[in-house]
Amino acid sequence: MSEQALEQVGEGLGGMWGKWIECGVPAGARELFSAGQGAWAVIRDQPGLVGQVGGWDAATGRAHVLGLWRDEEAYGRFMEDRHDEVFAGSGQEGGYTAIETAAGAAVLEMAGDAADLAQALDGATLLRVADCLVVPGREGRFMAVQREVWAPGMAAAGGMLAGVVTRLGEQRYLVTTLWSGPEAHERYTTAHLPALLARAGLEEDLRSTTGHLIPLEPRWRVLPVAAPACGGVPPGE
């Protein structure tokens with residue numbers, strides 16, 4: 001296990017914080033839920049927001065939302081000062097029958113075709129998720145494989161804009177990658193994935209993994225408001 005891998009497992013990636021939400025939504029309540037999710041756009045002025053995206057998993061029908069924050073402190077301030085008010089105003093309470101949430105430190109950022117993570121969150125149309133439970137004691141190797149095999153392998157495939165690995169629990173890691181579209185992801189799974197799986201040796205590190213392929217809903221996307229240029233006057237003032 002390398003020292004860098006140990007640092008990433010223990011301390012996180014520059015403080016960035018991720019939140020993962022899964023909701024069971026009845027077919028008849030999808031529009032209600034979706035409209036409510038769009039109402040979260042009001043948090044675009046929240047200090048520390050990196051971005052939020054989400055959509056429907058076609059395989060399960062469940063709604064999934066990924067939120068990224070500058071650090072745990074920014075996330076905590078939002079949860080304490082504003083979350084409940086925004087949730088009440090969204091009207092989503094009657095739009096789902098089950099909800100699961102988890103949050104934790106980002107431990108690896110994966111570069112791709114986008115200039116940075118903000119650009120990737122803005123331009124992606126597809127989110128690929130691997131929800132991984134790691135064998136106790138194998139966390140360091142798991143992270144080394146993410147960094148040395150998966151990150152460069154997906155970047156070389158083309159169409160992967162950026163990615164983040166978030167540690168959601170003692171042995172739970174969420175691997176999220178943002179893609180330009182389904183065609184790019186399909187090319188990756190056909191031409192690159194088999195060789196990467198052979199190199200990664202997943203059976204040594206994972207107790208289980210759950211995958212999600214999520215077309216992103218444009219109205220669920222929340223990106224932070226750009227700050228006005230130094231000395232400039234905000235529009236309308």
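The values are calculated or read from the model by the stated rules, or taken from the named source; none is laboratory data. Here the structure is a predicted model, which is why all the values come from computation and not from measurement. So basically every Cβ, Gly included, is an ideal-geometry build from the backbone, and we count neighbours across all protein chains shown. Side chains are part of the model used for accessible areas, which takes the heavy atoms of the whole protein and leaves out ligands, DNA and RNA. Shrake-Rupley method; radii C 1.70, N 1.55, O 1.52, S 1.80 Å.
Below are the figures for this structure:
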{"quantity": "Tally, over the stretch 160-176, of residues that are open to solvent by less than 10 Å² (accessible area, probe 1.4 Å) and in contact with a helix residue (DSSP H, G or I) (Cβ under 9 Å, 6 or more places away or on another chain)", "calculated": "6"}
{"quantity": "All positions within the stretch 113-137 that are part of a loop (DSSP other than H, G, I, E, B), in contact (Cβ under 8 Å) with a residue 60 or more places away in the chain and within 21 Å of residue 202 (Cβ to Cβ)", "calculated": "135"}
{"quantity": "Matching residues, the stretch 90-112, being buried (at least 16 other Cβ atoms within 10 Å of the Cβ) and either aromatic (Phe, Trp, Tyr) or not in a strand (DSSP E or B) (or both)", "calculated": "90, 92, 95, 96, 112"}
{"quantity": "For residue 63: the one exception among (1) more than 24 Å from residue 197 (Cβ to Cβ); (2) crowded, with 21+ Cβ neighbours inside 10 Å; (3) among the small types (Gly, Ala, Ser); (4) in contact (Cβ under 8 Å) with a residue 60 or more places away in the chain", "calculated": "(4)"}
{"quantity": "Extreme residue, surrounded by the most Cβ atoms within 10 Å (Cβ to Cβ), among residues of the stretch 10-32 that are touching a strand residue (DSSP E or B) at 6+ places or on another chain (Cβ under 6 Å) and modelled with pLDDT under 95", "calculated": "12"}
